[in-house]
Amino acid sequence: MATQTDKYAAGEQGLGYVYQIRFALAHLMKQDESQALLIEADDDVELRDVDGKKTLISLKHKQVGETVGTLSTDFWKSVRIWLDRYIRDGNLACDHSYCMATTARVGPTSLLRYFLDGADAKPAGFAIQLVTELKGSKAALSAQIETTFSSLTATQQDDFLARIVIADSSLRIKELDTAFAPLLRSVAAKFRIDVRERMEGWWLREAIELIQGERKPITGAEVWAKFAQVNSEYYDERLPITFDDAYPDEEIDAMKDTRQFVEQLRAIGMSSDSLEMAILDFYRAFAQRAHWTRVNALVGGEIRKFELRMVEEWKRARG
């Protein structure tokens, strides 16, 4: 089993992938509904507006307390990607902006402080200062970027750098819950965790299809439509059904099940297929009721109302 110091450990990398997906949902829900989002396209996260303008976002989930300096590998890896996109799409003519969102803090004396939102204006000769710092690094990555960046004209260099923003001290993966909180104000307080978890479950499936190229970019409108659908299931007069497609971990064996209700159904000659469906219905009902209890949904006699409604529906079906 890998430990925190094991050179083969991939915990941080795995955490980064989960962070990427959670960040993407929280970020899209804060944008205009016309915005569309891609994951693992031109960058970790890519936003597109209705006019085709792109915002490429590189995500860096770092250890607590880390700082980002001028020669930060994380920053320059992002720059290498952005330079490639900038040149590919016509440099001055391209319609891109670039952002590195990192949980680390930019060092107070680092040149990267000029990329922070609301920072002082970049000093004269800023591009030259950056290249000078870059030349001081012995890393192969630095040499590659310096060569590519130096191939741009002075005007192109300034234009490229003007498109970059660094969002440091970004929310860590567990802190992203606080990013969802203001977005869930329309949900009754007792249901907010459940609604968020259902939204994230849906989002994970959509994100996987997105990464695999099996669907179009996800729009803010689509996310909010799903949110409205989920939220509509949560109010005091109605209990949300969330286990309608659940299956038990163990295979159903209608002939060997010794529970009383199964034995009674076998005694009246119910077929094995019908028995399996009855067992499955029981499993789902039990799981659903346990879930309602967990999220504190069972208030105001709701479960009693639900059971009475089931009896009435059963009588109608039999009649």
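The values are calculated or read from the model by the stated rules, or taken from the named source; none is laboratory data. Only a predicted model underlies this, so the values are computations on that prediction, with no experimental measurement involved. Note that we place each Cβ from the backbone using ideal geometry, even for glycine, and neighbour counts take in every protein chain shown.
Give region 196-225 a look and list any residue that's assigned to a helix (DSSP H, G or I) and more than 15 Å from the chain's Cα centre (by Cα), or say none. Selection gives 221, 225. Can you tell me which residue is modelled with the highest pLDDT among those in region 227-237 that are within 16 Å of residue 184 (Cα to Cα) and surrounded by fewer than 16 Cβ atoms within 10 Å (Cβ to Cβ)? Here the residue is 228. For the criterion of being assigned to a loop (DSSP other than H, G, I, E, B), farther than 23 Å from residue 16 by Cβ and either touching a helix residue (DSSP H, G or I) at 6+ places or on another chain (Cβ under 7 Å) or at pLDDT 95 or above (or both), residue 122 passes. Residue selection: residue 137 fails the criterion of being assigned by TED's automatic domain parsing to the domain that holds residue 59, of a type in the set (Gly, Ala, Ser), in a helix (DSSP H, G or I) and at negative phi. Looking across region 106-127, the residues that are without any contact (Cβ under 8 Å) to a residue 40 or more places away in the chain and within 15 Å of residue 68 (Cβ to Cβ) come down to 108, 109, 113, 114, 119. Of the residues making up region 142-155, those that are touching a residue at least 12 places away in the same chain (Cβ under 8 Å), within 23 Å of residue 72 (Cβ to Cβ) and not small (Gly, Ala, Ser) number 6.
Comparison of 33, 66, 46 shows that the only residue that is acidic (Asp, Glu) and crowded, with 19+ Cβ neighbours inside 10 Å is 46. Can you find a residue that is more than 27 Å from the chain's Cα centre (by Cα), among the β-branched types (Val, Ile, Thr) and modelled with pLDDT under 75 anywhere in region 238-250? Checked region 238-250: no residue is more than 27 Å from the chain's Cα centre (by Cα), among the β-branched types (Val, Ile, Thr) and modelled with pLDDT under 75. The residue list 166, 211, 173 contains one member that is touching a residue at least 40 places away in the same chain (Cβ under 8 Å), under 30 Å from residue 84 (Cβ atoms) and surrounded by 19 or more Cβ atoms within 10 Å (Cβ to Cβ), which is 166. Residue check: is residue 130 in a helix (DSSP H, G or I), in contact (Cβ under 8 Å) with a residue 24 or more places away in the chain, aliphatic (A, V, I, L, M) and surrounded by fewer than 16 Cβ atoms within 10 Å (Cβ to Cβ)? So residue 130 does not fit the description; no.
The residues in region 141-187 that are of a type outside the set (D, E, K, R) and more than 30 Å from residue 122 (Cα to Cα) can be counted, and the count is 11.
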